[in-house]
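These notes concern the structure reproduced below.
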Amino acid sequence: MTWLVWVLGAVVIAAAGAGVVAVPWWRDRDLRRRTAWSAARAAIDSAAVSRDAAAAPLLEAEQLLTRAETIVADHGGERAARAAEEHARRADALWQAAARG
């Protein structure tokens, strides 16, 4: 019977150890994902402002912004958020360059 107590004790200690490692990792992963999506949405908003201020439409920039908005609509992980942010930043840069002449 004492072997059962030892086995249960070992299982409890192993589960606690796994929890000590896993919980902070999950929290960090969730924070990185939320931060990436926030940056992607901010980049899209900035590109939309640049688009609205542009004197003439730019097809390439429109396509990049549409791609970024589509990625955001489909959701996804951190990698998708980074891709959406990159597309939006490139579109924003194109509109800003066109505004400068």
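The values are calculated or read from the model by the stated rules, or taken from the named source; none is laboratory data. Just so it is clear, the model here is predicted, and its values are computed rather than measured. Counting neighbours? That spans all protein chains shown, and the Cβs are built from the backbone with ideal geometry, glycine included.
When PRO57 is evaluated against the numbered criteria (1) assigned to a helix (DSSP H, G or I); (2) out of contact with any helix residue (DSSP H, G or I) (no Cβ under 7 Å at 6 or more places or on another chain); (3) of a type outside the set (S, T, N, Q); (4) exposed (fewer than 12 other Cβ atoms within 10 Å of the Cβ), which criterion, by number, is the only one it fails?
Going through (1) assigned to a helix (DSSP H, G or I); (2) out of contact with any helix residue (DSSP H, G or I) (no Cβ under 7 Å at 6 or more places or on another chain); (3) of a type outside the set (S, T, N, Q); (4) exposed (fewer than 12 other Cβ atoms within 10 Å of the Cβ) one by one, PRO57 breaks only (1).
For region 92-101, indicate whether the set of residues that are surrounded by 11 or more Cβ atoms within 10 Å (Cβ to Cβ) and among the basic types (Lys, Arg) is non-empty. Step through it out loud before you land on a result.
Taking region 92-101 as the starting set, the residues that turn out to be surrounded by 11 or more Cβ atoms within 10 Å (Cβ to Cβ) are 92-99.
Retained after the next criterion (residues that are among the basic types (Lys, Arg)): none.
Within region 92-101 (the criterion being surrounded by 11 or more Cβ atoms within 10 Å (Cβ to Cβ) and among the basic types (Lys, Arg)), the answer is no, since none of the residues qualifies.
Quick check on my filter: what residues within region 42-101 are of a type in the set (Lys, Arg) and under 30 Å from ASP30 (Cβ atoms)? Let's see the steps before the verdict.
Narrowing region 42-101 to residues of a type in the set (Lys, Arg): 51, 67, 79, 82, 89-90, 100.
ARG67, ARG79, ARG82, ARG89, ARG90, listed by residue number.
State which residue pairs qualify: first residue under 18 Å from LEU94 (Cβ atoms) and touching a residue at least 24 places away in the same chain (Cβ under 8 Å) and inside region 32-54, second residue crowded, with 16+ Cβ neighbours inside 10 Å and of a type in the set (D, E, K, R) in any location, beta carbons under 6 Å apart, and separation of 6 or more residues or different chains.
Matching pairs, first to second residue: ALA40/GLU85; ALA43/GLU85; ALA43/ARG89; SER46/ASP92; ALA47/ASP92; SER50/ASP92.
Among the listed residues ALA68, ALA73, identify the single one that is assigned to a helix (DSSP H, G or I), in contact with a helix residue (DSSP H, G or I) (Cβ under 8 Å, 6 or more places away or on another chain) and at pLDDT 85 or above. Even if it seems obvious, please write down each step before you answer.
Working: ALA73 fails: in contact with a helix residue (DSSP H, G or I) (Cβ under 8 Å, 6 or more places away or on another chain).
Answer to the check: ALA68.
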